[in-house]
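> I have a structure here, written as structure tokens, and I will follow up with some questions on it.
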Amino acid sequence: MLIFKGLRKLVYRHFKNMRWQAVLALLLVYGLSSWLLLTYAGENNLTGKDYLYWLLVTASTVGYGDLSPETTLGKSITAFYIIPFGLGMFALTVGKFATFSAFQWRKGVMGLKNLELHNHIVVVGWNEQRTLPLLKLLKTETQQNLNRDICLCVSEEMENPMPGTIEFVRALTLNDETELNRASISEADTIIIDCARDDQTLSAALHIYNLNTKAHMIAYFRDESLSKLLKQHCPTVECTPSVSTELMVKTAMDPGSSILHHELLNATTGMTQYSILMPDNLPEITVRDLYVPMKENYGATLIAVDLDNDGKPEVNPSLEKRIQPGCAIYYIAENRLKDLDWSAITAAG
């Protein structure tokens, strides 16, 4: 008995450390040797088209009984070789697969996997106060618009804060090309950089810009001078300054302004600010031609247009301003407009 236990532990230890190629080879040897032994025993009813089915249910000791050995030698082979060896290999294979699956899931939670994503949103950096609410709002927004994947890339020692909802990469540093590409940075459509410190944000933005100049990149700074420095080297990056001071002053002068701004930025409740592009295949129209139909038919209020497509929208444009195809139009509505009837609007205009 002691010899058997020692042998079992030895086999289990070696089997546990086996690569999947070796496991598959061992299973193949077991299946082929069992078939040869049963053929030798004259068990023609077991070695036909139902052989794999019978071997699996027998080795796993399910034993439906619809197929069984008929010869004395066949019964002996089944009892002393197929069942004991098959049972051990079945259990060890299932255990190894379960361990592998758990390890892969754990790698995802720990951010150790290399991701294959395209046209996704990457949030770079971790801020205790802002990042988690940012991710939740992004998830809400993406569910309304294109349903893009979201990936969080950090250098802090942490786990995925939203497992099963967002992808996660934990990099050794945020200025290493190899580490950043684990989050498919070069394939991202939108990149948001918001680190705990402005110098980290600046460094990460400079490196990421070299990896992907086509993405819409946003960097958050508390120090406006750093945003100007970044714009000198990366002119297409949209730098978002802290507006807490301005918002406090505005609220002091116009009570309720903070609540108003919060509602316009929060897609989960009330009216929210969105944008839409005017299709390229339509003729130009005036702000008046678009303002009235949006309000009457969709309950949306046009507030700005980006006439030059330079990322600097003109707020509260005159009604006679002409909107060119391809321009971005900003509006306030309860939900993002997905079924705007442009043909009817341009025909009326």
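> Scan the stretch 222-268 for residues that are in a helix (DSSP H, G or I), farther than 15 Å from D198 by Cβ and among the acidic types (D, E) and jot them down.
Those that are in a helix (DSSP H, G or I), farther than 15 Å from D198 by Cβ and among the acidic types (D, E): E246, E263.
> Determine which member of the set Y64, Y30, Y12 is assigned to a helix (DSSP H, G or I) and at pLDDT 75 or above.
Y30
> Going through V237, V249 one at a time, which residue ends up being buried (at least 19 other Cβ atoms within 10 Å of the Cβ) and among the β-branched types (V, I, T)?
V237 is the lone residue from the list that is buried (at least 19 other Cβ atoms within 10 Å of the Cβ) and among the β-branched types (V, I, T).
> Which one is most open to solvent (accessible area, probe 1.4 Å) among residues in the stretch 35-61 that are in a helix (DSSP H, G or I) and among the polar types (S, T, N, Q)?
T39
> Same structure, new question: Kindly indicate the residue of the stretch 184-215 that is part of a loop (DSSP other than H, G, I, E, B) and open to solvent by 30 Å² or more (accessible area, probe 1.4 Å) and also farthest from A171 (Cα to Cα) among those meeting that condition.
Among residues in the stretch 184-215 that are part of a loop (DSSP other than H, G, I, E, B) and open to solvent by 30 Å² or more (accessible area, probe 1.4 Å), the one farthest from A171 (Cα to Cα) is K214.
> Could you please let me know if S258 is farther than 17 Å from R336 by Cβ, surrounded by fewer than 18 Cβ atoms within 10 Å (Cβ to Cβ), in contact (Cβ under 8 Å) with a residue 12 or more places away in the chain and among the small types (G, A, S)?
No, not satisfied.
> Say whether the condition of being assigned to a helix (DSSP H, G or I), farther than 30 Å from I276 by Cβ and open to solvent by 50 Å² or more (accessible area, probe 1.4 Å) is met by at least one residue in the stretch 163-177.
So far as the stretch 163-177 goes, yes, one or more of its residues are assigned to a helix (DSSP H, G or I), farther than 30 Å from I276 by Cβ and open to solvent by 50 Å² or more (accessible area, probe 1.4 Å).
> Filter the stretch 269-287 down to the residues that are hydrophobic (A, V, I, L, M, F, W, C) and in a loop (DSSP other than H, G, I, E, B), then identify the one that is least open to solvent (accessible area, probe 1.4 Å).
So the residue we want is M278.
> I'd like to verify a number: residues in the stretch 216-227 that are within 20 Å of P133 (Cβ to Cβ) and open to solvent by 60 Å² or more (accessible area, probe 1.4 Å), how many?
So the count comes out to 1.
> With the structure loaded, tell me whether E157 is part of a loop (DSSP other than H, G, I, E, B), farther than 11 Å from V122 by Cβ, of a type in the set (D, E, K, R) and at pLDDT below 90 or whether it fails that test.
Yes, satisfied.
> Right, something else. Just for the stretch 110-134: of the residues that are touching a helix residue (DSSP H, G or I) at 6+ places or on another chain (Cβ under 9 Å) and of a type in the set (D, E, K, R), which one is least open to solvent (accessible area, probe 1.4 Å)?
Per the criteria, the residue is K113.
> Something else now. Are any residues in the stretch 337-349 touching a strand residue (DSSP E or B) at 6+ places or on another chain (Cβ under 8 Å) and open to solvent by 50 Å² or more (accessible area, probe 1.4 Å), and if so, which ones?
Passing the criteria: only G349.
> Turning to a different aspect of this structure: I'm checking my understanding of the structure. Among residues of the stretch 140-154 that are outside any helix (DSSP H, G or I), in contact with a strand residue (DSSP E or B) (Cβ under 8 Å, 6 or more places away or on another chain) and open to solvent by less than 60 Å² (accessible area, probe 1.4 Å), which one is farthest from I276 (Cα to Cα)?
Checked the stretch 140-154; the qualifying residue farthest from I276 (Cα to Cα) is V154.
> Does any residue in the stretch 288-311 that is assigned to a helix (DSSP H, G or I) come within less than 7 Å, Cβ to Cβ, of a residue that is modelled with pLDDT under 90 and loosely packed, with under 14 Cβ neighbours inside 10 Å six or more places away or on a different chain, and which pairs are these?
Partner pairs satisfying both residue conditions: D289/A348; P293/A348.
> Here's a follow-up. Please tell me if L137 is open to solvent by 30 Å² or more (accessible area, probe 1.4 Å), among the aliphatic types (A, V, I, L, M), under 23 Å from S242 (Cα atoms) and at pLDDT below 90.
In short, yes.
> For the stretch 312-335, which residues satisfy the criterion of being within 22 Å of Q144 (Cα to Cα) and either modelled with pLDDT under 90 or exposed (fewer than 15 other Cβ atoms within 10 Å of the Cβ) (or both)?
Across the stretch 312-335, the qualifying residues are G326, E334, N335.
The values are calculated or read from the model by the stated rules, or taken from the named source; none is laboratory data. Note that the coordinates shown come from a computational prediction; the quantities given were computed from them, not determined experimentally. No Cβ is skipped: glycine too gets one built from the backbone with ideal geometry, and neighbour counts run over all protein chains shown. Just the protein is used for accessible areas: all its heavy atoms, side chains included, with ligands, DNA and RNA removed. Shrake-Rupley method; radii C 1.70, N 1.55, O 1.52, S 1.80 Å.
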